[in-house]
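In what follows, a structure is listed as structure tokens, so that the remarks can point back to it.
The values are calculated or read from the model by the stated rules, or taken from the named source; none is laboratory data. None of the values given here were measured: they were computed from a predicted structure. Counting neighbours? That spans all protein chains shown, and the Cβs are built from the backbone with ideal geometry, glycine included.
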Amino acid sequence: MIDLIRIKNNHIKLNQNKFGSEYNRSSKRDGTQNYKYKLYKRDLQVFQEEDEFGNIVSVQEQYSVNDHPLALTINTKRGFTIYGSIRKWWYGAKSANADFSHITFCRCIKLLAKKIGVKETVLWSSTVNKVEIGGNIKLDPVYKNIVGALQSYPRRKRFGDSRETVYFKTKSNFDQIIIYDKITQLYSHKKISGNVKRKLLNSIFIMRFEIKLLTPSKTGYWQYINSLEKIRLHWDILIDDWEATFQKINIINQTPPKLPHNKDQFGLKEFKNYFIQLGIEAYGGIESVEQLISEKGVKNKRSEYKNNFRVIANANNIDEFVDFLIVLYTSIEGKADEMKRKFMVGVNNI
């Protein structure tokens, strides 16, 4: 469930000698310095092998593209900060489907505490001031265009490209709702090849759904996540809210309308359906509306046209659309149950 995170502790001074050479150093206005280190989950091994001249030499293992580091910043006065994708740190950068359950998250924090040389209770008490709550949902390839069908979210504006990523943001941008094609993202970040991407998309579609919380506040989510300890204790509440958030997204029917073969038989309804079909095929669901309302003189009726399009589109092939939504929501519910698995309050039971 937890992905990107920023963990901060202003009370504990870490032993810098434990982390090797820093990759960045900066001075602060108060005269202190920040030392930044890459913190990996696994330690590199040193092997003995024979070189081309028959001599036995020591060769150090190198990190692979799947090894994902966290950024550890040590301040000479104010403690430490850990920042990055803790999910990728634990599961690997290439992991397209794995997410934390409650028990694996607790195991992860236990290992992280060991890595930085502090007591586990010290790390659990550390504050959190940035976090992503997300999950990867496995779906049939028939859902590959679902991102383009996510039309709107109450009191948020929609951003994003046509079929791969969509954002719902508030004006303040304190938090974001993000949905994207996970396999395509792995390809874009050069974690998998184009050939692997094509093979995967022919057999499975993985939708990543995240709630990104960027700025701490005294309301909403933050009362449950402003420390690692609170995340641990409110794990099930956060997952329930994650699931409920997706259910608030308005989804448009992208199933092409059933039309007569002969256009001479078209009435007004058939012509409306025909142009909806052309829009869906060319741009995807909501993008066909955006193309329409971008025309001069139409923008003042943006909401009206979006709603009319959705009503007409969703009236077509309604049985197929209902089945489509049932499978989608059931898959998200199943993912939520998976992430709740083995929920336990006591850290010492891990």
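Against the criterion of being modelled with pLDDT of 85 or more, in the same structural domain as Ile137 (by TED's automatic domain parsing), over 30 Å from Asp323 (Cβ atoms) and buried (at least 20 other Cβ atoms within 10 Å of the Cβ), Ile231 qualifies.
Going by what's in this entry, would Lys197 be described as modelled with pLDDT under 90 and in the same structural domain as Val147 (by TED's automatic domain parsing)? When the stated conditions are applied, Lys197 passes them. Output yes when any residue across the range 26-37 is modelled with pLDDT under 80 and either of a type in the set (Asp, Glu) or under 25 Å from Val122 (Cβ atoms) (or both), and no when none is. Yes, the conditions are met somewhere in the range 26-37.
For the range 102-127, the set of residues classified as assigned to a helix (DSSP H, G or I) and among the basic types (Lys, Arg) consists of Arg107, Lys110, Lys114, Lys115, listed by residue number. Tell me yes or no: at least one residue of the range 263-278 is at pLDDT 75 or above and either in a helix (DSSP H, G or I) or farther than 27 Å from Ile332 by Cβ (or both). The answer is no, given that none of the residues of the range 263-278 is at pLDDT 75 or above and either in a helix (DSSP H, G or I) or farther than 27 Å from Ile332 by Cβ (or both).
Per this entry, Glu120 is not counted among residues that are modelled with pLDDT of 90 or more, touching a Leu at 6+ places or on another chain (Cβ under 6 Å) and of a type in the set (D, E, K, R). Across the range 108-151, the number of residues qualifying as within 18 Å of Asp67 (Cα to Cα) and in contact (Cβ under 8 Å) with a residue 24 or more places away in the chain comes to 5. Each residue in the range 190-219 was checked for being surrounded by fewer than 13 Cβ atoms within 10 Å (Cβ to Cβ) and assigned to a loop (DSSP other than H, G, I, E, B), and 5 of them qualify.
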